[in-house]
Amino acid sequence: MFYSKLFGKTVKTDPKDEISVNAKLLIRAGFIRKELAGVYNFLPLGLRVLTKIANIVRDEMNKAGGQEILLSALQTKNNWQKTGRWNSFDALFKVKSRYEVEYALGPTHEEVLVPLVKQLISSYKDLPLSLYQIQTKFRDEPRAKSGILRGREFLMKDLYSFHQDEEDFEKYYEVMRKTYLEVFKRCSLEAIETKAGGGTFSQFSHEYQVISEAGEDEIVYCPGGDFSENVEITEVKEGKQCELGHGSLKKVKVIEVGNIFPLKTKFSEVFDLTYKDKNGKDQLVVMGCYGIGISRLMGTIVEVHHDDKGIIWPESVAPFMVHIVGLDMDDKSVADRAEKVYKLLLAEGIETLIDDRQNLSAGEKFADCDLIGIPYRVVISKKTGEKLEVKKRSEKETSFVSLDELIKMLK
RNA sequence: CGGAGACUAGUUCAUCGGUAGAACGCCCGCUUUGGGAGCGGGAAGUACGGGGUUCAAUUCCCCGGUCUCCGACCA
């Protein structure tokens, strides 16, 4: 990608209507723009990151046996009345058509998926079943805040599992626990698996929490990793000594990036989702539900990985791997050399952004480069000669390498 | 949903009863190129919308909208 052609420019000043680090940096660096409170547009750079994250999640869900589907965002009121959530789900977006018909905009998809699954499964041979989607969700939040951490419209992965019995569900629940930790690890986030309140569904559930001052939740946890509970439910006090000798428990603010919990037969009962067991007897399907906020994950990564100059994207989710900074670009031999390196990197399958702008000071290009936060900066100028000056965004030192050496570094 | 604040150029802000100004960005020319360059010229605003007060309203008052912050809420 040529920077000069990229839709979305960097901005020097912080937007006046944003306080959160993620929104300030993502807007200034040209990844997103606000449409409404809690609603953002994603520009090319932003969409690239979102897609990278979604693909990590997709890959892990597929490994865990999930099949990807896409369910309707516009949903019939009737099913929401059946589950009683038309009135009890506070954040439900309700829309009325010009024919006075009311619909829900999906904040979650049990009301759509459970009736759908009922049409398509009937035997114990059809179970277990694991279905997921990555889709825009709508929640009529009383107060959107913190940039893309808490929106009214956001991208979410929701997976639902269907089982013959509790035992089979619990086996799968353990698979998903491991899967979730793997997803966050691949996004370079240290997620703390935390016991939380199960809401109306059960006595327990797990949340995946990332330590950050930008978070809205609080947990008490052991830095040794054997204990963590949401303050909503915990009776344990911070400062108490860990029983396994890891020292004292800490209370910290956290961002909830994922949540898994049992649904048991709550929705199976409402929609009469049953299967025939080996004896030909009807049994209720046992369900589980597993969510990850994809766009929130993107915001969380920025909250965790940045410095005073800008974003520091982990390689796994970065919009590009290499950012070529071309200096002296009005010198034809330098410009040609930069473009040649750009093309060779592309030929190697390395995603590259090249700052090909002319008549711009070096300082401005470096500042933009730091702000955008692509993992590798490669400077090409009159000074660099045949070598490439390489610097990682996360490090201070630069080194001079050949193109072959650079490609080796990146593979 | 309670409380507070804001809304003026693309962006960040100034002006504060007498029909708008800067910086950055943008366009043109020249100069410049290793940490947000210099000079000169230029384009760019129904001052959120609607009422009211006034000879006169971006400015004061009222209603509405939007955004932000604090709180409540967050299956």
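A short reminder: the numbers here are calculations on the coordinates, not readings from a lab. Being a predicted model, the structure only gives us computed values, none of them experimental. Note that we place each Cβ from the backbone using ideal geometry, even for glycine, and neighbour counts take in every protein chain shown.
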### Taking A:Glu256, A:Glu141 and counting other C-beta atoms within 10 Å, the order from fewest to most
A:Glu141, A:Glu256
### Message
For Cα pairs less than 8 Å apart in space and 6+ apart in sequence, what is the mean separation divided by the residue count of segment A:3-307, i.e. the relative contact order in percent?
### Response
19 percent
### Summary
Summing +1 per Lys or Arg and -1 per Asp or Glu among the other residues with Cβ less than 12 Å from A:Ser402's Cβ gives -2
## Note on the structure
Note, A:Asn359: beta-carbon cut-off 14 Å, +1 each Lys/Arg, -1 each Asp/Glu, net -4
#### Entry: Distance violations [Cα-Cα > 24 Å] among A:Lys12/A:Lys411; A:Lys195/A:Lys309; A:Lys343/A:Lys382; A:Lys145/A:Lys240; A:Lys16/A:Lys185; A:Lys52/A:Lys94
A:Lys12/A:Lys411; A:Lys195/A:Lys309; A:Lys145/A:Lys240; A:Lys16/A:Lys185; A:Lys52/A:Lys94
## Note on the structure
Distribution output for chain A: share of Cα-Cα pairs per 20 Å bin in percent, first bin at 0, values 24, 49, 24, 3, 0
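Taking other Cβ within 10 Å of each residue's Cβ, how do A:Trp80, A:Trp86 sort, fewest first?
Working: A:Trp80 23, A:Trp86 17.
Going from sparsest to densest Cβ surroundings: A:Trp86, A:Trp80.
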### Task
Calculate the dipole size of segment A:3-307 relative to its Cα centre from +1 charges on Lys and Arg beta carbons and -1 charges on Asp and Glu beta carbons; express the result in debye to the nearest 20.
1280 debye
### Task
For each of A:Ile134, A:Ile69, count neighbouring Cβ atoms within 10 Å of the residue's Cβ, then give the residues from fewest to most.
A:Ile69, A:Ile134
### Task
Can you spot the aspartates and glutamates whose alpha carbon is less than 14 Å from A:Lys278's alpha carbon? Ignore those fewer than 8 places along the same chain.
A:Asp126, A:Asp165
### Query
Considering the dipole of segment A:228-283 built from charges on the beta carbon (Lys and Arg +1, Asp and Glu -1) around the Cα centre, which of A:Thr265, A:Val252, A:Gly280 is farthest to its positive end?
A:Val252
### Task
Report the one residue of A:Leu92, A:Gln358, A:Pro107 whose Cα lies farthest in the direction of the positive end of the charge dipole of chain A (charges on C-beta: Lys and Arg +1, Asp and Glu -1; origin at the Cα centre).
A:Gln358
